[in-house]
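Chemist: One structure is given below, represented as structure tokens, and several questions about it will come after.
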Amino acid sequence: MTGNIQGQPVNVKLALIQAGNQLSGSGCVGPKQYPLIGSVDGNRVAFAHDSEYQDQTFTILWTGTIEENGTITGRGNFQPIGLTGTFTASRSAAHA
């Protein structure tokens, strides 16, 4: 997943597991891996995971739309610091 959060590039490696309408898995930011939770409702998806920056832990809330080709596009919100931006996620070649 790549994105732009208020002018800063974001790269997160996602491992999403869907069971019914629930999501689990992980979000890897740099060398660290964080548990992920979320949900799917039709073509809408929402998921969240923690991350760290300069010894501060925060939660990233991602919401988006699953496109016909399987790509997810949407917005990210870093809480509690309030930074926002956009993202695009697609399956890796190994899982397509």
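The values are calculated or read from the model by the stated rules, or taken from the named source; none is laboratory data. This structure is a prediction, so every number in the text was calculated from the model and none was measured. Using ideal geometry, Cβ is built from the backbone for each residue, glycine included, and neighbour counts are taken over all protein chains shown.
Chemist: Can you name the condition, by its number, that D55 falls short on among (1) within 13 Å of G27 (Cβ to Cβ); (2) free of Cβ contacts under 8 Å to residues at least 12 places away in the same chain?
Modeler: It is condition (1) that D55 fails.
A quick yes/no check of all residues on (1) on the phi < 0 side of the Ramachandran plot; (2) at pLDDT 95 or above; (3) in contact with a Pro (Cβ under 8 Å, 6 or more places away or on another chain):
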site: P9; (1), (2), (3): yes, no, no
site: S24; (1), (2), (3): yes, yes, yes
site: P31; (1), (2), (3): yes, no, no
site: N43; (1), (2), (3): yes, yes, no
site: I81; (1), (2), (3): yes, no, no
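Chemist: Hey, among the residues in the range 11-45 that are without any contact (Cβ under 8 Å) to a residue 12 or more places away in the chain and aliphatic (A, V, I, L, M), which one's surrounded by the fewest Cβ atoms within 10 Å (Cβ to Cβ)?
Modeler: Looking at residues that are without any contact (Cβ under 8 Å) to a residue 12 or more places away in the chain and aliphatic (A, V, I, L, M), I get A19.
Chemist: Do you know which residues across the range 62-78 are at pLDDT 90 or above and closer than 19 Å to G30 by Cβ?
Modeler: Of everything in the range 62-78, those that are at pLDDT 90 or above and closer than 19 Å to G30 by Cβ turn out to be W62, G76.
Chemist: Moving on. Between I5, I81, which is free of Cβ contacts under 8 Å to residues at least 40 places away in the same chain and among the β-branched types (V, I, T)?
Modeler: The unique qualifying residue is I81.
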